[in-house]
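Everything below concerns the one structure shown next.
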Amino acid sequence: MRVWKVGDVGLPADASHALHSMLKILDGRSAASWQLSRSMDADVLFVGVDAGSRALDMAQTTGKIMVKVTEGRPVSEPSDFILQRPFRVIQLLDLLDSIAEHLRKHPVARPVRHASWAPALSLLEATAQPSPGWRVAGTGDGGQLWLDNEYVMAGASTLQRLRDEPMDISAFASSPIPPPSDAARCAVTDLGWHLGWHGTGQMPPWLDERESYRLRRWPDFGRLGVQPMMLELCAQAAAHPVTHAELVQRSGCSPAQAYRFLAAASLAGWLVAQRQAQPRAPSTVRSSGWARLVEQLRRHLA
Amino acid sequence: MSGATSEAFKLVFTGPMGAGKTTAIAAVSEVPPVTTEVTNTDKQANGKATTTVGLDLGRITLGEGQVVHLYGTPGQHRFRLMWQIISRGAAGAIVLLDASQPDVFEQARIYVDAFRAWVPSGAIVIGLGRTDHPDAIASDILAAMLEGEGWPLPVFSVDVRKRADVLLLVRALACILESQLDSEVFA
């Protein structure tokens, strides 16, 4: 029997506790075998959707099977898996059997972890929790970064370098020690963008090569600084949901740049997995006077 | 395609009084812009000495005689009629806002709502100035507000006195227009 891993993000403590306890009770009673795991390793994510946290955004970028856990009347797509709080063992069992059936019909590739993604994965995990407390990471220049839900705190010079250049950053770990009172701060989204753009240039393990993604919000390039191809990539991904291959083809960037962009946008929380309404035709040679004019303007300003 | 001929097209700079439209056009135009600045008699709305009452006009030449015209609208709402006239045939719009003004969200709504109707491509970029002011709102908050309204537009913190910042806005607009070349707007 295949073992499926279950993780939870953004659940209230009581719901998370109930889920964990019930999974133990259900062991051997479901059509599949379910094992509790960290969210980054999970095949199925139980996501708290009531708190308005980043949990849903983070979960949507993973392309994993998602169960929306809600206290109120569920607002959902017909294809969503929903679990209404408070829930009972029998409801969870029914739901897991439905998911097992879905997974049997629509097999998914299990995400593969990579050591070089450790800082990014630890950032995703930390920001998906409602109140993770302080997390701290070391930087290559001997500095430290403190992280809570919204902000990154560090010395002013460390934050400036974070904006200007690639920087080695370790994985975030819980810390009982808060940042110094004179620490400067920047948005967590800025750190996410940095980690992704300066990452490995490979497909992040929490995204799917075949999935289409749409950029739901542009980065503030006035604040972050802009590098070659960033504007082109954002414009393409904001206009339509795109796969990695389509992004490369339409923007003219390298495959590594497109991977970096997808990683950066998803770590900043601005990328959503979205099915294309209909497959887009391949980009054709643009020969109209208007097209040439726009292309000339873009090149003129580059 | 509405908004351009094969030899020229029009970009509009708009936004409330004092947001920096005239300054932005001057920063990127290759010729001294034509302006219609007069003494500001509406000091309650903004304390600056002069204001645009007609339009500003600048130019970027791309080569082979191809030209981008940069139009600036008057900022005062009583000249709203001019906004529509100036934006007729525009390929895109750059909305400049002042982050330190308490009504910045309302101003964003007014200008984006108006110019989305008038710019057929829907290509709009927001330039948010004075973000270092103590009372300034963060660009992320404005971007989230616009996203909530169903307008996922680029919002960039800029200093319109800096040519590079204004070019960033124009480049983003050009990239958005290029990304839409396959859509029905440009068919």
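Just so it is clear, none of the values below were taken in a lab; they were calculated from the coordinates. All of these numbers come straight from a predicted model, not from anything done at the bench. Here the Cβ positions follow ideal geometry from the backbone for every residue, glycine too, while neighbour counts run over all protein chains shown.
With θ set to phi - 60°, apply the Karplus curve 6.51 cos²θ - 1.76 cosθ + 1.60 along segment A:168-184 and write out the HN-Hα couplings as whole Hz, x wherever there is a Gly or Pro.
Result, ordered by residue: 6, 10, 7, 5, 7, 9, 4, 9, x, 9, x, x, x, 5, 9, 5, 7 Hz.
Between the DSSP loop rule and a limit of at most 14 other Cβ atoms within 10 Å, which trypsin sites (Lys or Arg not before Pro) in segment B:74-136 are left?
Answer by residue number: B:ARG88.
First select every other residue whose beta carbon is under 14 angstrom from the beta carbon of A:SER98; then total the charges, Lys and Arg +1, Asp and Glu -1.
Charge balance near A:SER98 sits at -1.
At a Förster radius of 30 Å, what calculated FRET efficiency corresponds to the Cβ-Cβ distance of B:LEU167 and A:SER170, to the nearest 0.05?
Given R0 = 30 Å and the Cβ-Cβ separation, E is 0.20.
Quick check: pseudo-label points 7 Å beyond the Cα along Cα→Cβ at A:HIS106 and A:SER254, how many nm apart are they?
Distance between label points: 3.5 nm.
Given H placed 1.01 Å from N in the peptide plane, which residues other than close sequence neighbours of B:LEU62 have an amide H under 5 Å from its amide H?
B:VAL67, B:VAL68
At 0.36 nm per residue, minus the direct Cα-Cα distance, what do A:ASP80 and A:GLN202 gain on full extension? Give it in nm, one decimal, please.
Full extension from A:ASP80 to A:GLN202 adds 41.0 nm.
Just want to confirm a number: the relative contact order over segment A:115-192, from Cα pairs under 8 angstrom separated by 6+ residues, in percent.
36
Once the other residues with Cβ under 14 Å from the Cβ of B:LEU70 are scored (Lys, Arg +1; Asp, Glu -1), what is the net sum?
So the surrounding residues net to +3.
How far is it, in nm, from the label point at B:GLU106 to the one at A:ASP41 when both lie 7 Å from their Cα along the line to the Cβ?
About 5.5 nm separates the two model spin labels.
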